[in-house]
Amino acid sequence: MDPVNTPASRSHSATEGGAPNARRSFPWQDRPRGSSDVVWRHDRNPVIGRRPLPGVQGIYNSAVVPFGAGYVAVFRLEKTTRFPRLHLGRSLDGLSWSIDEEPIRFANHETDPSDYAYDPRVVEIEGTHYISWCGGHNGPTISLARTADFHTFERLENAFLPFNRNGVLFPRRIGGRYVMLSRPSDNGHTPFGDIYLSHSPDMVHWGMHRLVMRKGGDHVGQWWQRTKIGAGPIPIETRDGWLMIYHGVIDTCNGFVYSMGAALLDLDEPWRVLARTDRHLLTPEADYEVSGHVPNVVFPCAALHDPAADRLAIYYGAADTCTCVAYAHLGELIDFVKRHSVVF
Ligand code: BMA
């Protein structure tokens, strides 16, 4: 089948519809009968498939948040230049998207044509939405912007020096300071990487850096995450600590394999790891995860939480090509992390 016309790629090239007063619905499917997996895939993944718009090669590793009557997304979008930019999308159901053809522009900053932008995360803190992403500024580092309305965007200073990736803000101040996870890296494909955390009084000056979690090693429970790790969605505050979903990478004879894991961090001192999965929650197995522009990648960047029904919808990029959704019950996921924990 022509990939341009797969069912998954048709839905979101049309303007997202719905009655004028339609309200958002939570993206959800129950665990398939017969499965005991703690995280399971949406059965019509990818929700944004190959060649989703004319001249667009792929949309993946992207962030989704509830906003207004529906959801807003900041997408990593690559046209056939393969140069990544951030584009805005809107949806009522979190699955079918209307996506802007032009990248996000900043009211106070002219984007340099060499400023690539990828792997965004979005979080609301005290009524303002902050976007963090990996931006190219003489090498990758963590870039920041904020918006009140998803119409006007204000660029902030970069948080760190190059090289750094996977900057993920906590959804509230802790001890009076903003807190961000990140993963110091190199200018290439980074065959190493541990998760750190930094504090800021103002979203501009970052310091008080702490090591949070190291990559794994040669032990059971560390193998699948032995090459590098990086924070994924915005951490979720729970009674048992901050739930941090992350990616763990193993280097195989055929290259890196990116899987999904989870950890619990102390609520007041989030650099203290309370529990951490000794096994992955999701690893590339579906066709759209094992084949694509970069095979064998599941890369979570966002999660929606429905506390009333204990439901979690996790957005992840698959094979650096398309956007997928997986589901879990938050309570079960926390129990799973505690039951299968290894801390090192
Ligand atoms: C990482 C980032 C991600 C990407 C992954 C796999 O270093 O570039 O955007 O999904 O590699 O290619």
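The values are calculated or read from the model by the stated rules, or taken from the named source; none is laboratory data. As the structure is a prediction and not an experimental result, all values here were calculated from the model. Using ideal geometry, Cβ is built from the backbone for each residue, glycine included, and neighbour counts are taken over all protein chains shown.
Brief remarks follow.
- Segments classed as strands (runs of 3 or more DSSP E), wholly inside segment 208-291, with at least 1 members that are under 23 Å from Pro46 (Cα atoms), under 18 Å from the mean Cα position of the chain (by Cα) and not aromatic (Phe, Trp, Tyr): 228-231, 241-252, 255-265
- Here is the figure for segment 161-207: residues that are buried (at least 21 other Cβ atoms within 10 Å of the Cβ), under 20 Å from the mean Cα position of the chain (by Cα) and away from the ligand (no atom under 16 Å from the Cβ) total 7.
- Being within 16 Å of the ligand (Cβ to nearest atom), touching a Gly at 6+ places or on another chain (Cβ under 7 Å) and either within 22 Å of Ile48 (Cβ to Cβ) or not acidic (Asp, Glu) (or both) is not true of Cys324.
- Number of positions in segment 105-129 that are surrounded by fewer than 21 Cβ atoms within 10 Å (Cβ to Cβ) and either more than 16 Å from the ligand (Cβ to nearest atom) or in a strand (DSSP E or B) (or both): 16
- Qualifying residue in segment 130-138 (condition: under 21 Å from Cys301 (Cβ atoms), β-branched (Val, Ile, Thr) and either touching a Gly at 6+ places or on another chain (Cβ under 8 Å) or not in a strand (DSSP E or B) (or both)): no
- Screening segment 56-70 for residues that are touching a Lys or Arg at 6+ places or on another chain (Cβ under 7 Å) and within 17 Å of Gly167 (Cβ to Cβ) and picking the one that is nearest to the ligand (Cβ to nearest atom) gives Asn61.
- Glu157 passes every criterion in (1) modelled with pLDDT of 95 or more; (2) surrounded by 15 or more Cβ atoms within 10 Å (Cβ to Cβ) apart from (2).
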